[in-house]
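A short write-up of the structure that comes next.
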Amino acid sequence: KRQEQYQFRSRVNEQGVDKRLEGVKRWDDKRAGSVLLHRREDGSMFVADGHHRVDLARRLNQGEINATVIDEADGVSVEQARVEAAMNNIADGKAEPLDVAKVFRDSEVPANEVRDIFNLPSSQVVRDGESLSRLSDNVFGMVAAGQVTEKDGAAIGSAFSEQNQQEAAADAFQKVQP
């Protein structure tokens, strides 16, 4: 349960892994880079960023992997570790717009400042996530539930700031969906 606190992506299994590294047969330190571990005050250690690489290392019986450790004792909370890990994934293009939006919405930073503060690229995924994060709770819920597509939700969030306008646009998009 505690490991789940670090995962921000929604389309992964209970270990925080999807099939992206399936078929890899050899460990490569250069490609693997460094995973981000969060050491809790009780000494327990959790993967904040690098679930796929840790899973691959286990499957390949790789005894050691490169890691950076951040410590709760140094003031890094679980939420801060999760945000750092999420921003790493977003910057690396390993996120989907809805997941980006959730991180932006959970951030204490205004959505229009998140990209600059966390030095994120201006990729389509980040721009769509930023637009989705501006949606009212109701319209965001419609996107999360699949009633409105991510692309349509991003267009609505980009075009309309008022809740009633967003809801009217979402209703219109729903009526034209096949």
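The table below gives the values:
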{"quantity": "Value of relative contact order over the chain, rounded to a whole percent, pairs C-alpha under 8 Å and six or more apart", "calculated": "16"}
{"quantity": "Over the chain: helical MRE at 222 nm, DSSP H runs n ≥ 4 each giving -39500 (n - 2.57), nearest 500", "calculated": "-14000 deg cm²/dmol"}
{"quantity": "Rounded tilt (10° steps) of 97-106 against the dominant C-alpha axis of the chain", "calculated": "90"}
{"quantity": "Where the chain is the region considered: accessible area per residue in Å², 1.4 Å probe", "calculated": "58"}
{"quantity": "Solvent-accessible surface ranking, highest first, for S77, S158 at 1.4 angstrom", "calculated": "S158, S77"}
{"quantity": "Carbon + sulfur, % of accessible area of the chain - ligands and nucleic acids excluded, 1.4 Å", "calculated": "45"}
{"quantity": "Cβ-based net charge around A170, under 15 Å, with every Lys or Arg adding one and every Asp or Glu removing one", "calculated": "-3"}
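The values are calculated or read from the model by the stated rules, or taken from the named source; none is laboratory data. Here the structure is a predicted model, which means the values were calculated and not measured. Virtual Cβ from ideal backbone geometry, glycine too; neighbours counted across all protein chains shown. Remember, those area values only see protein heavy atoms, side chains included, never the ligands or the DNA or RNA. Shrake-Rupley method; radii C 1.70, N 1.55, O 1.52, S 1.80 Å.
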